[in-house]
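What follows is a short report on a single structure.
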Amino acid sequence: MRKIFLSVIGFSFLCRVGVYAQTKPDSAAYKPAYSQSPAPKKDSTQFNPRKLRLDEVNFVTSYYSQNGNHSAVTGGIGTEKVTDFANGITLNFVNTDNNNHKNTLTAGLGFDLHTSASQAYVSKTGASRPSGTRVYPSLDWTVENTKTGNTFGVGAYYSNEYNYKSIGADVHYSVKTDNKAGEFSAKLQGYFDNVTLIYPSELAPISTVIPVTGRHGDGEGHRDNFGTSPRKTYSAAFEYSQIINSRLQIAFLADVVGQNGFLSLPFHRVYFSNGNEAIEKLPSTRFKLPLGFRANYFVGDNIILRSYYRYYADSWGTRSNTANLEVAYKISPFFSISPFYRYYTQTAARYFAPYEMQSQASPYYTSNYEYAAFKSQFYGVGFRVAPPGGVFGVKGLHDLEVRYGHYTQTTDLVSDVVSLSLGFK
């Protein structure tokens, strides 16, 4: 389920930033906002520090629905019907210190409610609980030198759902060139996860099965007691952006990602060509290398072209290409429309084979179509309203954006996602 959650949140996040990136806070000029404390008194010095105050509130909600017939829970066949209702809120607090540095403290909280039809078949009879929740708070502190534009920050994350818990942290910084036309940024992240070992009912060793009643059972009066297994992910993300002229801005992106630990999911079945079955088994290490290029071009006062390309390779044999184009058209000074299109293609991981086509002699095996060869398309449109007097005349409601996207995959997977974003100043 974690991959689906990330996809939904990623789409919703586009409502706030317009393009894909692990971005730093908006570099737009500071605008006064309502204060949680009395305004500081003016003095005769050149600079007067300001207390920490709430500057901006962003709220995003989205609904995701998918359908298909290649569930990994049932070995590459069966329903992939999923729904996910995701909600997130971020609070941005700012202040200016004695060194004329802008401090931004961002606190976020997300909550998802999902249903997954295939999850019910962790039990052979289909009696397992098909729904769940996920809660994920985050905290980030960034300091910006207002003279140079350089930034430094740290962040922390936590995610909790029934079978997955994750703790993360990052360090990020950016440096601008002397003329501020170029900028280099880097982000170092680490995630430390624990996966609850929930096995299919017919494959759980009898010695580990304990009686249970209530919501945590598998619907057959018992559950496994295998505990948890760790998983670690380390990543380094680098970006260099350059303003070429008044119309064109480009950026080069590179990520280096390493994973180790339990990278399989124990409730994913594999059916072999000889009629036997087992749980998914994948290597305990994985290396990923995404390389990207982004270009934004201002065609005129009313049109911005946002393009993106990414090449991806990993140590499991998967290679992929992503091409994305979005056209932001400003119909009026306060209203814009942004159609977008993304094309994606990938090769299969060397450990993938469909239902009943795996060899039991192979050291690793999966029938999860996430690792299959496929092509996909994702297209849709966004609408953004940002009138100076507030959306619908509501003072403080700075902007509103609605986005809709439709996804199709050559494995017959289809999905739809709609999101609403509100920004308060």
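Annotations for the structure displayed:
- The HN-Hα couplings worked out from phi for the stretch 122-130 by the Karplus form 6.51 cos²θ - 1.76 cosθ + 1.60 (θ = phi - 60°) are 4, 7, 4, 8, x, 9, 6, 6, x Hz, whole numbers, x standing for Gly and Pro.
- Table column - 3J(HN,Hα) (Hz), the stretch 69-85, Karplus curve with 6.51, -1.76, 1.60, x for Gly and Pro: 9, 9, 5, 6, 5, 9, x, x, 10, x, 4, 10, 5, 9, 10, 8, 10
- Measuring with a 1.4 angstrom probe and ignoring ligands and nucleic acids, LEU325 comes out at about 80 Å² accessible.
- SER246 contributes an accessible area of around 110 Å² to the protein surface, as traced by a 1.4 Å probe with all chains present.
- A straight line joining the Cα centroids of the stretch 134-149 and the stretch 76-109 runs 10 Å.
- Placing a label point 7 Å from the Cα of PHE111 along the Cα-to-Cβ direction, the residues of the stretch 135-162 whose backbone N falls under 19 Å of that point are 135-139, 158-162.
- For the stretch 338-409, the residue among TYR365, VAL381, PHE352 whose Cα projects farthest onto the positive side of the dipole built from Cβ charges is VAL381.
- For the stretch 261-374, the relative contact order is 26 percent, taking Cα pairs closer than 8 Å that sit 6 or more residues apart in sequence and dividing their mean separation by the residue count.
- Highest average first, the peptides 166-173, 81-88 ordered by how many other beta carbon atoms sit within 10 Å of their residues are 81-88, 166-173.
- Expressed as a whole percent, the accessible area of the stretch 113-198 that falls on carbon and sulfur atoms is 65 (1.4 Å probe).
- When each of LYS102/LYS232; LYS147/LYS330; LYS81/LYS187; LYS124/LYS375; LYS232/LYS281 is checked by Cα-Cα distance, pairs over 28 Å: LYS102/LYS232; LYS147/LYS330; LYS81/LYS187; LYS124/LYS375
- Taking all Cα pairs closer than 8 Å and separated by 6 or more residues, the relative contact order of the stretch 228-270 comes to 45 percent.
- With every protein chain in place, the stretch 298-425: carbon and sulfur % of accessible area (1.4 Å): 62
- Percent RCO, i.e. relative contact order, over the stretch 320-392, from Cα pairs under 8 Å lying at least 6 residues apart: 36
- Spin-label pair ARG53/LYS281, simplified geometry with 7 Å Cα→Cβ offset, distance in nm: 6.3
The values are calculated or read from the model by the stated rules, or taken from the named source; none is laboratory data. Computed from a predicted model, the values in this text were never measured in an experiment. Note that we place each Cβ from the backbone using ideal geometry, even for glycine, and neighbour counts take in every protein chain shown. Each accessible area value is taken on the protein alone, full model and side chains, heavy atoms only, with ligands, DNA and RNA left out. Shrake-Rupley method; radii C 1.70, N 1.55, O 1.52, S 1.80 Å.
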